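Comments concern the structure below.
The values are calculated or read from the model by the stated rules, or taken from the named source; none is laboratory data. None of the values given here were measured: they were computed from a predicted structure. FYI the Cβ positions are ideal-geometry reconstructions off the backbone, even for glycines, and counts take in every protein chain you see.
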Amino acid sequence: MSEITLQATIRTDKSQNAKSLRKSGFVPGIYYSHGDKNISFTVTPLELRPIVYTSDTHIVELKFDNGESKRSVLREIQFHPVSDKVTHVDFQGIKDDEKLNISIPIILNGNAQGVKDGGMLQQNMHALHISCLPKHIPEHIELDITNLKISDSIHVSDLKLENITILDSLSNNIVSVVPPTVIKEVAPVDPAAAPAEPELITKGKKVEEEVAPEKKA
């Protein structure tokens with residue numbers, strides 16, 4: 001996999017909080033690693049673009065302003081909920097002889113035959129969780145979906161990856177072509193064919209009262 005160099009400045013003034021750093025045009029971050037010291041630093045948004053806005057996974061060489069250098073991978077990134085700007089980044093240090101748990105993007109290639117036949121493509125997994133040595137980390141996982149027909153699927157168990165342990169369940173469905181949705185039309189009702197409403201019959205006896213004429217005295 002390719003490596004990217006990231007220029008970073010160590011935060012020596014801990015009195016300046018993250019909010020003020022962002023207002024000054026910097027993104028705060030932290031480097032951590034098992035058996036190593038944590039390093040708080042800042043980077044510019046421009047420096048982060050090749051790492052953040054990509055579908056590939058990279059090994060990042062953090063080059064600090066004191067001359068120190070650390071190999072790492074991007075572990076977590078936070079965005080502002082409104083502006084979508086990067087607000088914080090976490091990098092995890094790596095060692096050549098230690099396996100690393102990491103999430104790798106899944107990229108689909110080709111046009112599925114089932115979609116051409118009217119089906120709908122449904123991608124259920126966009127990343128694969130794996131464990132491997134740093135030298136075996138792939139930039140991404142490519143899947144050819146050209147031959148997928150309607151009702152066909154690709155599961156995690158179908159993947160063949162060398163020197164990599166898959167951490168996701170093998171039964172997980174990565175992508176499938178689902179049948180088109182059929183909407184049943186309701187036939188219009190013919191008023192002439194509709195059953196007549198029953199006639200309401202009121203039972204009872206009509207009583208007519210006769211008024212006798214008054215007698216003259």
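Only one residue in Glu76, Glu61, Glu47 is farther than 29 Å from Leu167 by Cα and not in a loop (DSSP other than H, G, I, E, B), so which one is that?
Values: Glu76 fails: farther than 29 Å from Leu167 by Cα; Glu61 fails: farther than 29 Å from Leu167 by Cα.
One residue alone meets the criteria, Glu47.
For region 48-80, name all the residues that are under 25 Å from Ser131 (Cβ atoms) and under 18 Å from the mean Cα position of the chain (by Cα).
Selection gives Val52, Thr54, Ser55, Asp56, Thr57, Leu74, Arg75, Glu76, Ile77, Gln78.
How many of the residues in region 24-53 are out of contact with any Lys or Arg (no Cβ under 8 Å at 6 or more places or on another chain), surrounded by fewer than 17 Cβ atoms within 10 Å (Cβ to Cβ) and among the small types (Gly, Ala, Ser)?
So the answer is 3.
What tally of residues in region 79-104 results from selecting those that are surrounded by fewer than 19 Cβ atoms within 10 Å (Cβ to Cβ) and part of a loop (DSSP other than H, G, I, E, B)?
Summing the residues that are surrounded by fewer than 19 Cβ atoms within 10 Å (Cβ to Cβ) and part of a loop (DSSP other than H, G, I, E, B) in region 79-104 gives 11.
Test of understanding: among Ile102, Ile106, Ile77, Ile94, which residue is in contact with a Lys or Arg (Cβ under 7 Å, 6 or more places away or on another chain) and closer than 23 Å to Asp168 by Cα?
Values: Ile102 fails: in contact with a Lys or Arg (Cβ under 7 Å, 6 or more places away or on another chain); Ile106 fails: in contact with a Lys or Arg (Cβ under 7 Å, 6 or more places away or on another chain); Ile77 fails: in contact with a Lys or Arg (Cβ under 7 Å, 6 or more places away or on another chain).
Just a single option satisfies the conditions, and that option is Ile94.
Which number in (1) part of a strand (DSSP E or B); (2) at pLDDT below 90 marks the one condition that Asp36 misses?
Condition (1) is where Asp36 drops out.
Is there any pair with a first residue in region 81-97 that is closer than 28 Å to Ser131 by Cα and modelled with pLDDT under 90 and a second that is in a loop (DSSP other than H, G, I, E, B) and not charged (D, E, K, R) whose Cβ atoms are under 6 Å apart and which are 6 or more apart or on different chains, and what are they?
Going by the 6 Å Cβ cut-off, there are no qualifying pairs.
Run down Ile107, Ile150, Ile130 and say which single residue is at pLDDT 95 or above, in a strand (DSSP E or B), buried (at least 16 other Cβ atoms within 10 Å of the Cβ) and not assigned by TED's automatic domain parsing to the domain that holds Asp56. Steps first, please.
Working: Ile107 fails: buried (at least 16 other Cβ atoms within 10 Å of the Cβ); Ile150 fails: in a strand (DSSP E or B).
The unique qualifying residue is Ile130.
Return a yes/no flag: does region 10-23 have any residue that is over 25 Å from the mean Cα position of the chain (by Cα), assigned by TED's automatic domain parsing to the domain that holds Thr87, among the polar types (S, T, N, Q) and surrounded by 15 or more Cβ atoms within 10 Å (Cβ to Cβ). Steps first, please.
So in region 10-23, the residues over 25 Å from the mean Cα position of the chain (by Cα) come out as 10-23.
Still in the list and also assigned by TED's automatic domain parsing to the domain that holds Thr87: 10-23.
Cutting the leftovers down to among the polar types (S, T, N, Q) gives us 12, 15-17, 20.
Checking the rest, the ones that are also surrounded by 15 or more Cβ atoms within 10 Å (Cβ to Cβ) come to none.
No, the conditions are met nowhere in region 10-23.
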